[in-house]
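S.K.: Okay, handing you the structure first.
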Amino acid sequence: SCYRRAEAVADQAIRYTTEVMVMSDTCRNPTYERFAQRQRSELVRFQDLMKQHFRRQGGNAQSKLDSFLTHLANESALRTGVKDIGQVCSVAVQFLATADAMTTDAFRKYAESQVKEHGREYKFCKE
């Protein structure tokens, strides 16, 4: 189904959050916990937007969201798992430091910039 602009922003924010989660877990770094706590209200809002997107497809929107989140985490873990963990974590240091310092406004703006960068990957609804 097509994406509304806010849903595409939510998709990019959730993808970024998943990378933070997987990198934090892989490198035994506490950034994800702090990030998720600081961004809690935005993450809930972004998940609600994705549920709206999935609801238009029909079926159980929460179940589709759960499957989507699991799929993203598995994809990220697989990409990370084929690399040397020391190398992954040395590269992840700056990524995680950026996430750790990210304000709510900066998080939203980052997700919006990613939609601009990856816009061709979305089929946008005619609103």
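S.K.: Among Y32, H71, V22, which residue has its Cα furthest toward the positive end of the charge dipole of the chain, with +1 on Lys/Arg Cβ and -1 on Asp/Glu Cβ?
M.R.: It is H71.
S.K.: Let me have the 222 nm mean residue ellipticity of the chain computed from DSSP H runs of 4+ only, each contributing -39500 (n - 2.57), with the sum over all residues rounded to the nearest 500.
M.R.: -26500 deg cm²/dmol
S.K.: So, in nm, how far is label K109 from label R55 when the simple model puts each one 7 Å beyond its Cα toward the Cβ?
M.R.: Distance between the two pseudo-spin positions: 3.1 nm.
S.K.: What's the FRET efficiency of V93 with R40 using the Cβ-Cβ distance as r and R₀ = 35 Å, to the nearest 0.05?
M.R.: Between V93 and R40 the formula returns 0.90.
S.K.: Determine the per residue accessible area of the chain with all protein chains present and a 1.4 angstrom probe, expressed in square angstrom. All intermediate terms of the calculation are to be shown ahead of the outcome.
M.R.: Numbers: 7600 Å² over 127 residues.
It amounts to 60 Å² per residue over the chain.
S.K.: For the chain, which whole-number percentage of the solvent-accessible area (1.4 Å probe, protein heavy atoms only) is attributable to carbon and sulfur atoms?
M.R.: About 52 percent, which is the carbon plus sulfur part of the accessible surface.
S.K.: Here is a further query. Quote to one decimal, in nm, the extra length available between D48 and L69 on full extension: 0.36 nm per residue of separation minus the C-alpha distance between them.
M.R.: 6.3 nm
S.K.: Consider all pairwise Cα distances in the stretch 29-95 and report the whole-number % of them above 14 Å.
M.R.: Within the stretch 29-95, distances greater than 14 Å cover 71 percent of Cα pairs.
S.K.: Report the full-extension gain for the segment R15 to L78: residue separation times 0.36 nm, less the Cα-Cα distance, to one decimal in nm.
M.R.: Extra length available between R15 and L78 comes to 21.2 nm.
S.K.: Next question, about the same structure. If packing is taken as the average count of other Cβ atoms within 10 Å, what order do 65-74, 115-124 fall into, highest mean first?
M.R.: 65-74, 115-124
The values are calculated or read from the model by the stated rules, or taken from the named source; none is laboratory data. Worth saying up front: this structure is predicted, and the values here are computed from it rather than measured. A quick note on method: Cβ atoms are made from the backbone with ideal geometry, for glycine too, and the neighbour counts reach across all protein chains shown. Keep in mind that these areas ignore ligands, DNA and RNA; they rest on the heavy atoms of the full protein, side chains included. Shrake-Rupley method; radii C 1.70, N 1.55, O 1.52, S 1.80 Å.
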